[in-house]
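*Asks:* What follows is a structure written as structure tokens; I'll ask about it next.
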Amino acid sequence: MFNDPLAYFITFTTYGTWLQGRETGSVDRSHNQFDMPILAPNRTIESRRRSQMRQFEYLLDQPRRQVVLATIIEVAAYRKWRLWAVHVRTNHVHVVVTANTKPEKVMNDFKIWCSRRLRETFNESADRDRWTQHGSTRYLFEEDKIIEKIDYVLNEQGEPMEWYRAEIE
């Protein structure tokens with residue numbers, strides 16, 4: 001019997017910053033499964049991916065990170081999703097959330113609304129790519145896994161940037 005997940009751990013990256021072949025390793029279609037090893041760095045592949053980019057990479061400076069965080073909090077409240085933790089970094093976003101829909105919809109709603117708010121706030125072009133096409137959506141079925149991911153999001157990302165943590169009851 002399949003149980004519904006208690007939460008999702010969602011990660012999405014900014015456009016052009018996590019290219020296949022990068023120094024820290026990467027995944028491709030055949031290496032994009034849970035617990036599968038990542039691919040070794042490959043400068044040739046990374047260079048080819050960079051040459052295929054339509055636009056420059058998109059980075060989130062502090063004002064943009066603040067907009068992204070505020071928007072994620074706003075969208076979650078409007079949709080009545082339970083945010084556990086959010087950390088907006090320069091080139092990626094981590095979210096631990098409980099929602100009554102599939103994690104792909106949650107991630108897409110966050111990305112769509114963040115793009116809209118970034119465009120409005122900073123007068124950016126509507127056709128600017130801000131996010132990679134998909135991201136990572138992991139199902140969390142146990143409370144200890146939620147706590148583990150909250151800790152990862154808030155405490156294992158290096159110097160804190162823009163973040164949110166829910167009050168745990």
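The values are calculated or read from the model by the stated rules, or taken from the named source; none is laboratory data. Nothing here was measured: the structure is a model prediction, and the numbers come from that model. So basically every Cβ, Gly included, is an ideal-geometry build from the backbone, and we count neighbours across all protein chains shown.
*Asks:* Out of the residues in region 52-66 meeting the condition of being basic (K, R) and part of a helix (DSSP H, G or I), tell me which one is nearest to I147 (Cα to Cα).
*Replies:* R65
*Asks:* Looking only at region 115-127, decide whether some residue is touching a Phe, Trp or Tyr at 6+ places or on another chain (Cβ under 9 Å) and more than 18 Å from Q66 (Cα to Cα).
*Replies:* no
*Asks:* A further question on this structure: Within 30 Å of E167 (Cβ to Cβ) and at pLDDT 60 or above - does that describe any residue in region 43-54?
*Replies:* For region 43-54, residues within 30 Å of E167 (Cβ to Cβ) and at pLDDT 60 or above: absent.
*Asks:* Additional query: Which one of K111, K145 is charged (D, E, K, R), surrounded by 19 or more Cβ atoms within 10 Å (Cβ to Cβ) and either under 18 Å from D61 (Cα atoms) or over 15 Å from the mean Cα position of the chain (by Cα) (or both)?
*Replies:* Residue meeting the stated conditions: K111.
*Asks:* What are the residue pairs meeting all of these: first residue in region 1-23, first residue part of a loop (DSSP other than H, G, I, E, B), second residue surrounded by 19 or more Cβ atoms within 10 Å (Cβ to Cβ) and modelled with pLDDT under 85, Cβ atoms under 6 Å, and 6 or more apart or on different chains?
*Replies:* Correct list of pairs: Q20/S26.
*Asks:* So H94 fits all but one of (1) at pLDDT below 95; (2) touching a His at 6+ places or on another chain (Cβ under 6 Å); what number is the exception?
*Replies:* All conditions pass for H94, except number (1).
*Asks:* What number of residues within region 114-142 satisfy the criterion of being surrounded by 14 or more Cβ atoms within 10 Å (Cβ to Cβ), aliphatic (A, V, I, L, M) and more than 17 Å from N91 (Cα to Cα)?
*Replies:* The qualifying residues number 1.
*Asks:* Something else: Looking at R79, R119, which one is modelled with pLDDT of 95 or more and out of contact with any helix residue (DSSP H, G or I) (no Cβ under 8 Å at 6 or more places or on another chain)?
*Replies:* Of R79, R119, the one residue that is modelled with pLDDT of 95 or more and out of contact with any helix residue (DSSP H, G or I) (no Cβ under 8 Å at 6 or more places or on another chain) is R119.
*Asks:* Can you tell me which residues in region 82-115 are more than 14 Å from S136 (Cα to Cα) and free of Cβ contacts under 8 Å to residues at least 24 places away in the same chain?
*Replies:* N100, T101, I112, S115
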